[in-house]
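These notes concern the structure reproduced below.
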Amino acid sequence: ETGVTQSPTHLIKTRGQQVTLRCSSQSGHNTVSWYQQALGQGPQFIFQYYREEENGRGNFPPRFSGLQFPNYSSELNVNALELDDSALYLCASSVQGRGETQYFGPGTRLLVL
Amino acid sequence: SQELEQSPQSLIVQEGKNLTINCTSSKTLYGLYWYKQKYGEGLIFLMMLQKGGEEKSHEKITAKLDEKKQQSSLHITASQPSHAGIYLCGADNGGSQGNLIFGKGTKLSVKP
């Protein structure tokens, strides 16, 4: 196990609702990255947090937002949920810097009806 | 933008057989990561390669990065049912934050 935890494990929401996903990073890691993985696809980078600030963002709309807390844990918030937001959401923790390995949590499976 | 293509998309092998999965990048690779994923679960880190010609092994899995740093292969020797899963290659996108770009994965099934 990596020491990265995510909650909840599964979630069902309806279109238009809002959702908050949580991630606790591995001990000693100061960076959290979030990815969305649709069925049959590889993970897509949403954004990364370092020192409580967004440190890079992929091609996702502003209704995807996040937070990082002083203990390096993080939240992913998605507003105005759409059917296409149904996916596995993965967080990965690492030490900041290129070439540093990212260690993934077990993911949160979100279903939007 | 950089893209990673994995082949084959899926693979069914008999237990004990060897197999190879390939990952080809549209651009030079600065860092290539191999992960394994069981269906619907998180990614398990296997290996990371950075230098052209680099080769790393862990138990029965060997990963190589070619000299031109645009292609990597993952080779499993004497496959076991425990090797079944989805294998994903990921590349450092070259940005300052070091986020990863992934291929679509190769689904491996091992028949006992």
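The values are calculated or read from the model by the stated rules, or taken from the named source; none is laboratory data. Bear in mind the structure is a predicted one, so any value in this text is a computation, not a measurement. Here Cβ is always computed from backbone atoms with ideal geometry, including for glycine, and neighbour counts include all displayed protein chains.
If you take the residues of the range B:61-80 that are at pLDDT 95 or above and more than 11 Å from the chain's Cα centre (by Cα), which of them is farthest from the other protein chains (Cβ to nearest Cβ)? Among them, the one singled out is B:A78.
On inspection, B:E41 fails the criterion of being more than 11 Å from chain A (Cβ to nearest Cβ), outside any strand (DSSP E or B) and in contact with a Gly (Cβ under 8 Å, 6 or more places away or on another chain).
Counting only strands (runs of 3 or more DSSP E) that fall entirely inside chain A and contain at least 2 residues that are without any contact (Cβ under 8 Å) to a residue 24 or more places away in the chain and surrounded by 13 or more Cβ atoms within 10 Å (Cβ to Cβ), the qualifying elements are A:44-50, A:53-57, A:64-68.
Residues being surrounded by fewer than 24 Cβ atoms within 10 Å (Cβ to Cβ) and in a loop (DSSP other than H, G, I, E, B): count how many of those fall in the range B:23-38. Adding up the residues that qualify gives 6. Scanning the range B:20-31 for residues that are under 22 Å from B:S79 (Cβ atoms) and within 11 Å of chain A (Cβ to nearest Cβ) yields one hit, B:C23.
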